Amino acid sequence: MGCGHCFCREPASETDRQHHARLLEACVKAANQCDLHLGRAQVEHRLQQLLTLLPKLRPWLDGLDNGLLAALLIDPPALQRKLMELKAILPGADVGLLVARQPGVLFEETGSVQVLLDRLCEEKGIKDLNQALQEQFRLIWDIIAYLHFSGKGML
C-alpha cells in the first residue's frame, strides 16, 4: 500500500491503516460476491497492484459497486494496456483522474470512448480537448458526467 510517498508496504498513519483495512474488506467482499475465488492474500496483492497502477482511485475505491470493484481486481496489470490506450486518445489529460472518477471507462472499447469524447467536443464547441483539459480542470467533470449519462452503458 504505502504511505503515498513511496512504495512501502504499510500505510503510514493509523488513519491510513484503517482506510486500507476498509478498502481490503470492500475488495474481499466484492471478490466473494462475484465468485472470483481469491484468498484474502490474493485480494490484498491485487489491491496493491491496482493502487500502484491507479493511485487516484484510492479515495473512491470502497464506494464502487461490487461488480465493478471485482472486475478491477480480476487482472490489475492488464488494465495498464487500457490506460495507455486512453492516454493515446487524451495525451494531455489527467487520465488517472478520469479513470478514478469513472472506472467503468476501462471496460469500454477505446473507439467508443473516442466517439463519446468527439460528440462532447462538438456539443460544447471544443476544438482541442486536451488543451481544454489542461486549461480548464472543471471540464474533466463535464466529461465524467457526459460519459455517465450518455446512455452508452457506462457507469
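Bear in mind these aren't lab numbers, they're just calculated from the coordinates by the rules spelled out. All values derive from a computational prediction rather than experimental measurement. Heads up, the Cβs are rebuilt from the backbone with ideal geometry, glycines too, and the neighbour counts pull from every protein chain shown.
Among the trypsin sites (Lys or Arg not before Pro) in the range 31-128, those placed in a DSSP loop whose Cβ has at most 15 other Cβ atoms within 10 Å are Lys127. Here is the P(r) of the range 1-115: all C-alpha pair distances, binned every 10 Å from 0, give 14, 46, 32, 9, 0 in whole percents. Remark: the Gln131-Ala12 segment gains 39.2 nm on full extension, using 0.36 nm per residue and subtracting the alpha carbon distance.
Largest first, the three principal axis extents of the alpha carbons in the range 69-121 are 33, 18, 17 Å in whole numbers. Partner lysines whose Cα lies under 23 Å from the Cα of Lys29, excluding those fewer than 8 positions away in the same chain, are identified as Lys56. Between Val115 and Gln42, the modelled label-to-label distance comes to 3.6 nm, taking each label 7 Å out from Cα in the direction of the beta carbon.
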